[in-house]
Every structure is written in C-alpha cells, then in structure tokens.
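**Student:** Following this message is one structure expressed as structure tokens.
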Amino acid sequence: MIDVIIAGGGPTGTMLAAELRLHDVEVLVLERDAEPSPAVRSLGLHPRSIEILDMRGVLDRFLALGQQYPGGVGRFAGIETPAPVALDTAHGYVLGIPQPVTDRLLTERADELGAQIRRGTEVTGVEQDDDGVSVELADGSLLRARWLVGCDGGRSLVRRLLGIGFPGEPATTEWILGEVQVTAPPAEIAAVSDEVRKTQKGFGIGPTGDGLYRAVVPAATVAEDRTVPPTLDEFRTQLRAYAGIDFGVHSPRSLTRFTDATRLAERYRAGRVLLAGDAAHVHPPLGGQGLNLGIQDAFNLGWKLAAEVAGWAPDGLLDTYGSERHPVADEVLTLTRAQSVLISTEPGPQAVRRLLTELMSFADVSRFLAERVAGIGIRYDVGDGPELLGRRLRDLPLSSGRLYERTRDGRGLLLDQTGGLSVAGWADRVDLVADVSAELSAPAVLLRPDGHVVWIGDDQDDLRRHLSRWFGAGSAPA
C-alpha cells in the first residue's frame, strides 16, 4: 500500500510531494496530462511563497530564472502605492517567473527527493474505508493508498466524488489569455495598450521577454465548456473589438480561458481524502494569488500528513490543516472579489477606487493590503498570547548563518535565548537552536515545520505541553 497518492501534478501537488518526501513518506503523483502545459496562467510568486522556497533551500533556482519587482507587492487592483511598502520580510518583492518554469522547478524538486510522478494517468474513481483509499484509473487498474490528496484543479474530480460542496458564484465574465507572436511594432502596441487601458480595465498586452507577447482580453461570452481552448480567430476578434487592432497576432504558444468564478470547498477533508490548491478554492486571478495559495496549502499540509503517516501526530493535528487554511482562502476570495469590483468602469466602483487610492497613501493601509496579498499577514489560531503567536517568523540572522538555513529538513525548531530549555524526548522531530539573534524579541519560541510560532516563553514544563500538542508524545528519557 502506498502512503500517499496525490491526484494532480501541478504546483500544489508537486510542492506537497516534496514536503512529504522530506519525511520519507512514499508518494505517488498522478497527473492526467501527458505533457506539462505551456500556458502561463501565473506570472509571479509573492513574498510568503518566496520565503517558503528559501526555507527549503531551493530559492536560488527560482531567482536565477525570474525577475524581482519590489514595486509589485504594494499593488491592489492595479493601484500603485506612492512609495514602496515596507514589509517584515527579507523578500519584499514579487518574483516574476512564468508558471511553466515554476511547475518545472517544483517537479524537479519532488523528483530529486524521490517522489514517483506518473504523467498521462487519469483518476476516474475513489472509494475509501477505515484502512485506506482505493483509486481507480482510466485504464481500469486500481491503486491502494493510506491517504489521497486531491490537487486536481478547480473542476476537481476528487472533490466531486467525495460530494464536498463548492459554494460560491458562477462565472459571469470570461477572459482570453494568449501568448503569441505579433507583427505590430512595439511602440504601436504600447501606445494602443496605454490608451485602451484607460477605459477597459480587463485588457492588457505586453512583451514576455522571450520574443512573445502576453495579451488578455474579455471574451464575448462565458464558454459553456471551458475545457475547449479558444481559437486564434476568436482571440483576434476580441482584440479588434476592444483595441481596434489585433496587433497581427499569430503562432500562439498558448491560448487559455479564465473567469471570475469564485468558489470555496465546504471542507478540506473527508475521511482519508484531503483537498488542496484549486481543488479547494477558485477565484479570479486578480492579485496573482492562486498559485501562491496552493503552494502555501501544501506547505501547511505536508508535515501534518507526514506526521499522521509516521504515527506520531497528536489528536486533531491533521484537522488543523482545514481549520487554518479554509479561513485564509476565504480571505483571499474576499480580496479578489473586491478587486473585481474595483476594475469595473461603472461610476460606483470607480468612485470607490478613487477613495481607496487616497487611502492607500497612508502607510498603514497600504501595508495592511500588501501583507494580505503577499501572504505574510496570516495569523493562525494556535491560542491566546503575544502578537507573534500564530504568525510565521521572518528570517533572522544567527551567529552561524540564517534561521531559514536551519529549516531545510522540515523539522520543528526551538529557538532558545535562555540557554536552559530542552527538546529531550522530541529530538527526532524538533531541533534546538541556541545561537539566536537578539532580533528575536522573546526568550524562546517554538516553530512548527512551516515556520509558524506556536509557543513563546521560558518555562520548560509549559514548553513540554506545547511540544506534545504539536509534535505528539515524546519518547522516554534515555
């Protein structure tokens, strides 16, 4: 029996596979598509996702292939802040990197760690019992796993087979996104784009940096079957309708659709099956949060599911995945709904947009919004206590390197400035770090493998209680 099967080999699935493999969990990723998609549905990584990659030691791979945009963090519905937003992170920028590159790098990471990845393998059925999950494939074969995670996108078959509700709003608007070659001169494209965007907020065209142009334009209607890609003629027609010119687009690398459909799964777990990424939540791409939200889902779930497989997970640990990530997704849906309204050209939304533009001149307002889009403003409910409790801890300098360099193995960390605390009994799951920077404004903190603070203090007995809560029963002293 396989430990965990992951349905879906996109960024959420491969990130989760890598996290599980850090803990020697046997993982099989099943991806329906025989080849990776060339479609660039996401163009960037936000600060929290960048921190996560840094915590696992793979950020350099992404930085080498991306472009840093410090000014991108403060934007909300396209509104730019008057000054750069100062965030509590070493990575206060958006990393511009096409999704196919992100997909490839995350897949390579999972493969390096020993995850099995099968492409061209479609899941068609799911049944579970007390001992595991039976997964039926399109070729009629049957696989058996202890756990199944559906990372199979917004039209998730796993979610539908489980009967998990997906309430929200259906699509009312659709856009066509194309990566194409053009014949129009760059100066003409830029001039037309600037003029059209003054009145058409859903339109845009610009170079991708590799000889292609990326263009987005509203579709004529919402397609009945979104699995059918748009045609080049349809794309040209809509460009002419909105811009008065089709820019001579030809030789598309990809043509895709996306909509303003907004939905959130009623729950993230049903027995031995869990949901993550777009299978659990869909929303318009405004703010570029979808891919980032999925990566962060996987980061929260990975160590908890690994603990369950290993047998040391305390009661209720796995359920904190849903109780923590469901509200985060709900907030992201709120942000994208708000941005959808703000890009409307109607007088009412434009009045709100002007007001918000003025409010964002205040540093606290712009920081509030930026932290939420960036993913670093999240505070999980881990109990009452100081403001830092439940939040992720930023990278800190240590006497021998950086904090995030100590997080590579996906273990818990006790940062102890008192010199008198111990993780005896939990040393197989939690590392002790004594060379802590004075920048840590607490005597000691306990970090989960995802970097969130779950205890602050200096009392050993209180620490043991929290070690048991998050890392299970400790072993008897030798």
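The values are calculated or read from the model by the stated rules, or taken from the named source; none is laboratory data. Remember, predicted model here, so these are calculated numbers, not experimental data. Don't worry about glycine lacking a Cβ; one is built from the backbone with ideal geometry, like all the others, and counts go over all protein chains shown.
**Student:** Taking the condition of being outside any helix (DSSP H, G or I) and under 16 Å from Gly271 (Cα atoms), how many residues in region 314-349 meet it?
**Tutor:** Residues meeting the conditions: 4.
**Student:** Quick one: would you say Ala444 is touching a Gly at 6+ places or on another chain (Cβ under 7 Å), more than 28 Å from Leu20 (Cβ to Cβ) and either β-branched (Val, Ile, Thr) or outside the structural domain of Val309 (by TED's automatic domain parsing) (or both)? Walk me through it before giving the result.
**Tutor:** Working: touching a Gly at 6+ places or on another chain (Cβ under 7 Å): yes; more than 28 Å from Leu20 (Cβ to Cβ): yes; either β-branched (Val, Ile, Thr) or outside the structural domain of Val309 (by TED's automatic domain parsing) (or both): yes.
Yes: the conditions hold for Ala444.
**Student:** Checking Glu266 against (1) surrounded by fewer than 17 Cβ atoms within 10 Å (Cβ to Cβ); (2) at pLDDT 90 or above; (3) in a loop (DSSP other than H, G, I, E, B); (4) more than 25 Å from the chain's Cα centre (by Cα): exactly one of these is not met. Which one?
**Tutor:** (4)
**Student:** Of all the strands (runs of 3 or more DSSP E) wholly in region 20-126, which have at least 1 residues that are within 30 Å of Met360 (Cβ to Cβ) and either of a type outside the set (S, T, N, Q) or out of contact with any Pro (no Cβ under 6 Å at 6 or more places or on another chain) (or both)?
**Tutor:** Result: 67-69, 94-96.
**Student:** Applying the selection to region 37-75, what residues are within 15 Å of Arg394 (Cβ to Cβ) and not basic (Lys, Arg)?
**Tutor:** Those that are within 15 Å of Arg394 (Cβ to Cβ) and not basic (Lys, Arg): His46, Pro47, Ser49, Ile50, Glu51, Ile52, Leu53, Asp54, Met55, Leu59, Val73.
**Student:** Name the residue that is surrounded by the fewest Cβ atoms within 10 Å (Cβ to Cβ), counting only residues in region 3-61 that are over 25 Å from Val273 (Cβ atoms) and of a type in the set (Val, Ile, Thr).
**Tutor:** Among those residues, the one meeting the criterion is Val58.
**Student:** Give the residues of region 101-120 that are buried (at least 18 other Cβ atoms within 10 Å of the Cβ), farther than 27 Å from Ser141 by Cβ and not hydroxyl-bearing (Ser, Thr, Tyr), sorted by residue number.
**Tutor:** Of everything in region 101-120, those that are buried (at least 18 other Cβ atoms within 10 Å of the Cβ), farther than 27 Å from Ser141 by Cβ and not hydroxyl-bearing (Ser, Thr, Tyr) turn out to be Leu105, Arg109.
**Student:** Moving on to the next point. Does Asp381 satisfy the condition of being touching a Ser or Thr at 6+ places or on another chain (Cβ under 9 Å) and either over 18 Å from Arg48 (Cα atoms) or buried (at least 18 other Cβ atoms within 10 Å of the Cβ) (or both)?
**Tutor:** Against the criterion (touching a Ser or Thr at 6+ places or on another chain (Cβ under 9 Å) and either over 18 Å from Arg48 (Cα atoms) or buried (at least 18 other Cβ atoms within 10 Å of the Cβ) (or both)), Asp381 qualifies.
**Student:** Kindly list, by first and then second residue, each pair from a residue in region 322-345 that is without any contact (Cβ under 8 Å) to a residue 24 or more places away in the chain to a residue that is surrounded by fewer than 18 Cβ atoms within 10 Å (Cβ to Cβ), limited to pairs with Cβ atoms under 8 Å and residues at least 6 apart or on different chains.
**Tutor:** Every condition considered, the pairs that remain are Val341/Pro349; Val341/Val352.
**Student:** I'd like to verify a number: residues in region 437-452 that are over 10 Å from Leu415 (Cα atoms) and under 31 Å from the mean Cα position of the chain (by Cα), how many?
**Tutor:** Going through region 437-452, the residues over 10 Å from Leu415 (Cα atoms) turn out to be 438-439, 441, 448-452.
Retained after the next criterion (residues that are under 31 Å from the mean Cα position of the chain (by Cα)): 439, 441, 448-452.
Summing the residues that are over 10 Å from Leu415 (Cα atoms) and under 31 Å from the mean Cα position of the chain (by Cα) in region 437-452 gives 7.
**Student:** Report the residue count in region 174-183 for those that are crowded, with 16+ Cβ neighbours inside 10 Å and assigned to a loop (DSSP other than H, G, I, E, B).
**Tutor:** 1
**Student:** Which of (1) out of contact with any Asp or Glu (no Cβ under 6 Å at 6 or more places or on another chain); (2) closer than 27 Å to Ile50 by Cβ; (3) at pLDDT 95 or above; (4) outside any strand (DSSP E or B) is the odd one out, the single condition Leu415 does not satisfy?
**Tutor:** Checking Leu415 against (1) out of contact with any Asp or Glu (no Cβ under 6 Å at 6 or more places or on another chain); (2) closer than 27 Å to Ile50 by Cβ; (3) at pLDDT 95 or above; (4) outside any strand (DSSP E or B), the one that fails is (4).
**Student:** Checking the conditions here, which among Leu177, Leu232 is more than 22 Å from the chain's Cα centre (by Cα) and under 30 Å from Gly66 (Cα atoms)?
**Tutor:** Leu232
**Student:** Now for a different question. Out of the residues in region 132-152 meeting the condition of being in contact with a strand residue (DSSP E or B) (Cβ under 7 Å, 6 or more places away or on another chain) and outside any strand (DSSP E or B), tell me which one is surrounded by the most Cβ atoms within 10 Å (Cβ to Cβ). If you could, list the steps in order and put the result at the bottom.
**Tutor:** Step one: list which residues in region 132-152 are in contact with a strand residue (DSSP E or B) (Cβ under 7 Å, 6 or more places away or on another chain), which gives 132-138, 142-152.
Checking the rest, the ones that are also outside any strand (DSSP E or B) come to 132, 138, 151-152.
Numbers: Gly132: 18, Ala138: 12, Cys151: 32, Asp152: 28.
Here the residue is Cys151.
**Student:** Then there is this: Applying the selection to region 434-460, what residues are among the β-branched types (Val, Ile, Thr) and not in a strand (DSSP E or B)?
**Tutor:** Val436
**Student:** List the number of the failed condition for Ala306; all other conditions in (1) of a type outside the set (Ser, Thr, Tyr); (2) more than 30 Å from Ile164 (Cα to Cα); (3) modelled with pLDDT of 90 or more; (4) touching a helix residue (DSSP H, G or I) at 6+ places or on another chain (Cβ under 6 Å) hold.
**Tutor:** (2)
**Student:** Then there's this: Enumerate the pairs (first residue in region 426-438 and loosely packed, with under 15 Cβ neighbours inside 10 Å; second residue anywhere and hydrophobic (A, V, I, L, M, F, W, C)) with beta-carbon separation below 8 Å, excluding pairs fewer than 6 apart on the same chain, so at least 6 apart or on different chains.
**Tutor:** Listed by first residue and then by second, the contacts come to Asp435/Leu398; Ser437/Leu396; Ser437/Leu398; Ser437/Leu403.
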